[in-house]
Amino acid sequence: MGLLATRRILLGLGGGIAAYKAPELVRRLRDAGAEVRVVMSAAAARFVSKLSLEVVSGFPVGDDLWSTDDARIVHTDLARDSDLVILAPATADLIGKIRHGLADDLLTTTVMAAKTPVLVCPAMNTEMLDNPLVQDNIAHLRSLARYTFLEPGVGLLACGITGPGRQPDPPEIIEAAAAVLADKDLRGLAAIVSAGPTREPIDPVRFIGNHSTGTMGFAIARALAARGATVTLVAGPVSLRTPVGVARRVDVETADEMLAALTELWPSTDFLAMTAAVADYRPAQRSQEKIKKTDASGDSAMPPTLALARTPDILKTLAARPDRSRVMLLGFAAETHDVIDYAKAKLVDKDLDAILANRVGVPESGFGPGDNIGTLVFRDGTFVEFARAPKELFADALVAALAPRLTHLARRSAHA
Ligand code: CTP
């Protein structure tokens, strides 16, 4: 199960080349837990086979308003039986028709009859996308609460030019869909999430680092943004896409850079989730040149000894600020043994409001993609245990457990 568990999605395909990606999108939506019905325009049926979509969705697919082949494909029933309409690809023609209230085929009549939110994924040639009429139609629909737009990606388009207009990949569409369906109870909350490792350079080619991939922090940033928080992600060196909905990303490398970034963001922050695996030590000296195995005379050099210096404890530094009580601080304790005891000690030592205690070095949880398992301990001694879950769902559960305290901060911020 995934981000769209038990959701009923109506996927509408406009007649653009990106329609060829639809079977894969249907499969991924189903992997995320959704039931998917597909309706396509007649033009979309030129780019992708109805049979493929029927096989991958497990339901009949409609493309003809006048067909009596299958009584279940009735536009008003389809509209009523879904939680969300996703239009992917949303072509210039489809967006224009919806904006102007035109409904002359099964897809447009279904969208018009539906009362659900609509996630629009424009995908078209860059020049068409730039056309002022298309932009005006998009701007108008954007101004209506019912329509959410997912920005098209930039890439090589079927017409041969590189520019905006590419349909985002299924994981982004799934994140956007989950966000449309989420409660917006954290609107007004300014949140920072730090994620990933830090890298402490030894010389221009080597560094001290750790196994963190940033997966958990990025998932938490996504979950907070989905509930309406304004999220800034401060990321160490990771190779992850910025999650849908995250307002800003600041990339850093070292612990010092992470502290500098967080210090700058601090005055406008209500909540900090310090997920990053910050290196505790860095080389005392950073060599400006690559350290060689041989010395100047070409002889084998003695193996170097690496002198280390402490990095700043970022949480402790921030918790010592005079306005510390304004911000809710969440720490993470990755431990291999005595997990809860160590976590509680860190909560006190670092003056945190809560800490997520989590076991690393065991098969069921730890670094990288996959599952997590852990216990959230609050300063007042209350705790919430989380069952083992994929990190995306774990992040949703963690944010849900924090939400009662975060909504309070969001309201305070809104009234400030
Ligand atoms: N942390 C930090 N600055 C550091 C090291 C850690 O702010 N220099 C934060 C982490 O982001 C995490 C929490 O402190 O939220 C606990 O990190 P952890 O590595 O578990 O603890 P340490 O304080 O580094 O202690 P130890 O390595 O001895 O377990």
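The values are calculated or read from the model by the stated rules, or taken from the named source; none is laboratory data. Bear in mind the structure is a predicted one, so any value in this text is a computation, not a measurement. Don't worry about glycine lacking a Cβ; one is built from the backbone with ideal geometry, like all the others, and counts go over all protein chains shown. Remember, those area values only see protein heavy atoms, side chains included, never the ligands or the DNA or RNA. Shrake-Rupley method; radii C 1.70, N 1.55, O 1.52, S 1.80 Å.
Restricting the first member to the stretch 305-334 and to residues that are closer than 12 Å to Leu259 by Cα and open to solvent by less than 70 Å² (accessible area, probe 1.4 Å), and the second to residues that are hydroxyl-bearing (Ser, Thr, Tyr) and within 13 Å of the ligand (Cβ to nearest atom), the beta-carbon pairs closer than 7 Å and six or more apart or on different chains are Thr311/Tyr281.
Counting only residues that are buried (at least 24 other Cβ atoms within 10 Å of the Cβ) and closer than 29 Å to Gln288 by Cβ, the stretch 201-226 holds 2 of them.
I'd like to know if the stretch 178-194 contains one or more residues that are farther than 28 Å from His415 by Cβ, out of contact with any Leu (no Cβ under 7 Å at 6 or more places or on another chain) and open to solvent by less than 20 Å² (accessible area, probe 1.4 Å). Looking through the stretch 178-194, none of the residues is farther than 28 Å from His415 by Cβ, out of contact with any Leu (no Cβ under 7 Å at 6 or more places or on another chain) and open to solvent by less than 20 Å² (accessible area, probe 1.4 Å). Filtering the stretch 326-363 to residues that are assigned to a helix (DSSP H, G or I) and more than 11 Å from the ligand (Cβ to nearest atom) leaves Arg326, Ile340, Asp341, Lys344, Val348.
Does Gly298 meet the test of being without any contact (Cβ under 8 Å) to a residue 12 or more places away in the chain and more than 14 Å from the ligand (Cβ to nearest atom)? Answer is yes for this residue. Of everything in the stretch 268-289 that is within 16 Å of Arg310 (Cβ to Cβ) and modelled with pLDDT under 95, the residue that is nearest to the ligand (Cβ to nearest atom) is Arg286.
The stretch 54-164 holds helices (runs of 4 or more DSSP H) entirely within its bounds, and those carrying 3 or more residues that are without any contact (Cβ under 8 Å) to a residue 12 or more places away in the chain map to 132-142. Pro171 meets the conditions (1) crowded, with 17+ Cβ neighbours inside 10 Å; (2) in a helix (DSSP H, G or I) in every case but one. The failed one is (1). Evaluated against (1) under 28 Å from the mean Cα position of the chain (by Cα); (2) of a type in the set (Val, Ile, Thr); (3) open to solvent by 60 Å² or more (accessible area, probe 1.4 Å), Val38 falls short on exactly one condition, (3). Screening Ile373 on (1) hydrophobic (A, V, I, L, M, F, W, C); (2) open to solvent by 50 Å² or more (accessible area, probe 1.4 Å); (3) assigned to a helix (DSSP H, G or I) shows it passes everything except condition (3).
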